[in-house]
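Chemist: Could you have a look at this structure, given as structure tokens, before my questions?
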Amino acid sequence: MSDPVPPDIAAALAQTAERRGCFGDPVYYFGETASTNDIAATLAEHGAPEGTTVIAARQTAGRGRLGRTWFSPEGAGLYLSLVCRNPDAAPLLTLAGGVAVAAGVRAASGLPVFIKWPNDVVVGDMRPRKLAGILAEASTGADGLQYVILGIGINLRPAAYPPELAGKATSIETELGRAADSAAVLAETLAAFRELVDRLARGDRAQVLARWRALAPSSRGAMVEWTTSAGDRRGISAGIDDEGALLVKVGGRTERIISGEVRWT
Ligand code: BTN
């Protein structure tokens, strides 16, 4: 059903797994699929273990957060989905995913990327441009959490982005001005994720939160705006709490934002 894993990816994953451990066992690779999150969810429904990873060269119906499309042409990005089953890791999995991608991109390419709440991986302070995103989709049953599919999209190379993304999206190679080793970005990201998930499973949330906070300077002291049913609200970001909610000071009060879109103004 799946295609052979390309040799550069197979070699990078095998080497990383041997040296320091790496999320991604087993790996399913597809030349083309609708969405790797759907394949991972189907595998999880059939009992696929924690660590199962689905990678595609291109997606025809890649999904982003908030019902958006994730532009997924061949050769332009890494598109992967991870099956996570550990209930102790679940509450901070998306934060761990953001930290893992930022750490993976930094380690493999040297590009100084940051995180913008909740989990956009960006470059640039004043006018952040997004180069990776994370979509977590959870399945719960009568016994509680069954699994979380963590979908990761990383822009590697320049692509003909649709007009609504032009100026907001970028890629590792666009920013570096040279070629990047995509298999290394993948392997470094999965190695970082393995380490973070293991920490969460041991109950060590502090380290994951500390690393997220260090990579997300805009989560403190920046003017932000968001939309509620009662209209637009504005305030100053005041960090994240230990559940990953964004805190925003509005007048004398602190509001807690758990989902949705926040705009940095
Ligand atoms: C975002 O909107 O920031 C999240 C983007 C997540 C995209 C990835 S690509 C691999 C996986 N499959 C999908 O359909 N979406 C995620």
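The values are calculated or read from the model by the stated rules, or taken from the named source; none is laboratory data. Worth saying up front: this structure is predicted, and the values here are computed from it rather than measured. Only protein heavy atoms, including side chains, enter the accessible area calculation; ligands, DNA and RNA are left aside. Shrake-Rupley method; radii C 1.70, N 1.55, O 1.52, S 1.80 Å.
Chemist: Which value, in Å², gives the accessible area per residue of the stretch 1-139 when a 1.4 Å probe is used on the protein heavy atoms?
Modeler: 43 Å²
Chemist: Shifting gears a bit: Would you mind listing how long the stretch 114-265 runs along its three principal axes, going by Cα atoms, in whole Å with the largest first?
Modeler: 48, 42, 29
Chemist: Given a 1.4 Å probe and every protein chain left where it sits, what share in percent of the accessible area of the chain is carbon and sulfur?
Modeler: Answer for the chain is 51 percent, counting heavy atoms of protein chains only.
Chemist: Cα centroids of the stretch 32-93 and the stretch 1-31: how far apart, whole angstrom?
Modeler: After rounding, the separation between the Cα centres reads 15 Å.
Chemist: Normalise the Cα radius of gyration of the chain by 2.2 N^0.38 Å (N = residues in it) and let me know the number.
Modeler: 0.97
Chemist: Can you tell me, using C-alpha contacts under 8 Å and at least 6 residues apart, the relative contact order of the chain as a whole percent?
Modeler: About 18 percent, as a whole number.
Chemist: Which residue fluctuates the most in the chain, going by a Gaussian network model with Cα springs under 10 Å, if the choices are GLY133, GLY177, GLY124?
Modeler: GLY177
Chemist: Shifting gears a bit: Just from its helices, what would the mean residue ellipticity at 222 nm be for the chain, if runs of 4 or more DSSP H residues each count -39500 (n - 2.57) and the sum is divided by every residue, rounded to the nearest 500 deg cm²/dmol?
Modeler: -9000 deg cm²/dmol
Chemist: Just for the chain, what percent of DSSP beta bridges are antiparallel, to the closest 5?
Modeler: Given both bridge residues lie in the chain, the antiparallel proportion sits at roughly 90 percent.
Chemist: What accessible area per residue comes out for the stretch 146-222, rounded to a whole number of Å², with a 1.4 Å probe?
Modeler: 43 Å²
Chemist: Check ALA57: other-chain or 5+ apart residues with amide H under 5 Å from its amide H, H built from backbone geometry?
Modeler: PHE30, GLY31, GLU32
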